[in-house]
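The values are calculated or read from the model by the stated rules, or taken from the named source; none is laboratory data. Computed from a predicted model, the values in this text were never measured in an experiment. All Cβ positions, glycine included, derive from the backbone under ideal geometry; neighbour counts span all protein chains shown. For the accessible areas, the whole protein counts, side chains as well, though only heavy atoms, and no ligand, DNA or RNA atoms are used. Shrake-Rupley method; radii C 1.70, N 1.55, O 1.52, S 1.80 Å.
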Amino acid sequence: IKKLRKDYNKLKLTQKLEIICLMTNKNNMIHQYCDEIFDAKLLSPNFIIDKIISDLKYNPLNKILFAIIGPEKYLQDGMSNLFLHHNIPCIGPHSLYAQIETSKSFCRDFLKDIGLSDHIPNYKIIENFELKKLENYRNEKIVIKNDGLCGGKGVLVQDVNFKTIDDINYDIIQKNSKVVIEEKLVGEEFSLMSLTDGYGNIRHFPPIQDYKKLYDNDEGPNTGSMGCLIDKDNTLPFLNSKDIETAQIINNQVIGELNKYRECNNLNIGYCGILYGSFMKTSDGIMVIEYNARFGDPECIIALELLKTNFFLLCQEIAQGKLISKLDFSKNACMCVYLVPKGYSEKTINDDKFD
C-alpha cells in the first residue's frame, strides 16, 4: 500500500488517490497509508462492496480504478468474483483460477495434465484420508499436504516435522478429507512471481529465496516465513540464467493453460493478478513445490522495494488488460528479516505488543 501511494504521488496528478482497505487484523502501518478501513471480521465482503458502490453513486466524480486482493481466503471465497460482477477491475484471479493455490490436488493434477510431469514430484491423492493409509509409505521419504487452505500450517515434511510416520502430529492433518502425499524433494527453494493481466501479457519478478527456519543456524521448526533475500544482479547464488528461464517458462505455461478456462466457463477474463511459483532446484532440475495466486509474503516486500517501474501504473495496466510496461529492478542485493512474537508460528497472536 505504501508503494502504491508513493508511486502515485510521483505522477503528480491533481486528483487525490483514496485507498480503502478491508482488514481482518489491526496493522498500524497499513492504517497510516489508507483513507478508510473496514473490519472484514465484523462486516461481510458483500456488504462492504455494496456500501462502497452505493457511496460512489452519490459522488459520480469518484471512480474505483482497481481492487487488489492479498489474503488467499478471499480468493477462495470469491471476492474477485464479486468485484468483477460489479465491473470493478480486480488484481486477483477468479476463484476458479485461484484453485491453483486453494486446492493442492487441483494444482498437482493440473500441472500433470498440461505436460509438466517432469517438473513435479511423484504424488498420490488420497480421498477420505485415514491414518492407516500412510503404512504404504513407511519406507519412503514423503511430504503430506492437506488439500485446502490451512494458513501455512497444512504441510508436514519428513525429517522436518516428523522422523517416521509414527511421529506425525495427526492434528495437523484434516481427518476424513482429501490429502496429497508426495515424494520429498531435496534442493534449494526459491520463488518466482509473475504479473499478468488476464489476456496473456506476462511480466516476471526476479527469483527470491524465502527463509522458513525459526531459529539461527538453520534450526527449525519451519514457519510461514522468517524473511527472504535476493543476491545482487537479481539472482541467487545457486541459480544460473537457464534455471531462471525455466521457472519463467513454467509460469508462462501455467498462466496460458489457466486462461483456457475462460471460454470453457464463460468468464470475461482469464487469470489476472499475480502468480507466485514456489520452486526447488534439485539434481533432477527445476521442480514446482506449489503455487500461490497472490503476492508472496514476505517476498513481496523485497520485490516491490527493488521495483523501479511505477507500481501504480503497472496496476492500471493490469486492470485495463494491457500489461505492456517492462519491469525494471534495482540490481542491489536485498534482505528482509521478520520480528515475530513468542509462539510464532504454532499459534496466531494478534496483539500490538511483543514479549
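Values for this structure:
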{"read-out": "Members of segment 120-142 that are among the hydrophobic types (A, V, I, L, M, F, W, C), open to solvent by less than 60 Å² (accessible area, probe 1.4 Å) and part of a helix (DSSP H, G or I)", "value": "LEU134"}
{"read-out": "Pairs where the first residue, in segment 148-173, is under 26 Å from SER95 (Cα atoms) and the second is open to solvent by 60 Å² or more (accessible area, probe 1.4 Å) and in a loop (DSSP other than H, G, I, E, B), C-beta under 7 Å, 6+ apart", "value": "ILE172/LYS153"}
{"read-out": "Number of the exception - ILE249 against (1) open to solvent by less than 40 Å² (accessible area, probe 1.4 Å); (2) among the hydrophobic types (A, V, I, L, M, F, W, C); (3) closer than 23 Å to ILE120 by Cα", "value": "(1)"}
{"read-out": "Subset of segment 143-157 [of a type in the set (Lys, Arg) and crowded, with 18+ Cβ neighbours inside 10 Å]", "value": "LYS145"}
{"read-out": "Unmet criterion (only one of (1) over 24 Å from GLU346 (Cα atoms); (2) open to solvent by 40 Å² or more (accessible area, probe 1.4 Å); (3) not hydroxyl-bearing (Ser, Thr, Tyr)) for ASN161", "value": "(1)"}
{"read-out": "Exclusive hit being modelled with pLDDT of 95 or more, in contact with a strand residue (DSSP E or B) (Cβ under 6 Å, 6 or more places away or on another chain) and not basic (Lys, Arg), set LEU258, LEU306", "value": "LEU306"}
{"read-out": "Qualifying residues in segment 164-192 (those that are part of a strand (DSSP E or B) and open to solvent by less than 30 Å² (accessible area, probe 1.4 Å)) - the one nearest to PRO206 (Cα to Cα)", "value": "LEU192"}
{"read-out": "Hits in segment 1-24 (condition: open to solvent by less than 70 Å² (accessible area, probe 1.4 Å) and closer than 20 Å to ASP297 by Cα)", "value": "LYS3, LEU4, ARG5, CYS21, LEU22, MET23, THR24"}
{"read-out": "Any hit, segment 225-236, residues being of a type outside the set (Gly, Ala, Ser) and touching a Ser or Thr at 6+ places or on another chain (Cβ under 7 Å)", "value": "no"}
{"read-out": "Of all residues in segment 25-60 being among the aromatic types (Phe, Trp, Tyr) and at pLDDT 80 or above, the one that is nearest to ILE301 (Cα to Cα)", "value": "TYR33"}
{"read-out": "Unique match (being in a strand (DSSP E or B), open to solvent by less than 10 Å² (accessible area, probe 1.4 Å), of a type outside the set (Val, Ile, Thr) and in contact (Cβ under 8 Å) with a residue 60 or more places away in the chain) among LEU214, LEU229, LEU195", "value": "LEU195"}
{"read-out": "Neighbours by Cβ (under 8 Å, 6+ apart or cross-chain): first from segment 15-33, more than 20 Å from LYS51 (Cα to Cα); second modelled with pLDDT under 85 and surrounded by fewer than 14 Cβ atoms within 10 Å (Cβ to Cβ)", "value": "ASN25/ASN350; LYS26/ASN350; LYS26/ASP352; ASN28/ASP352"}
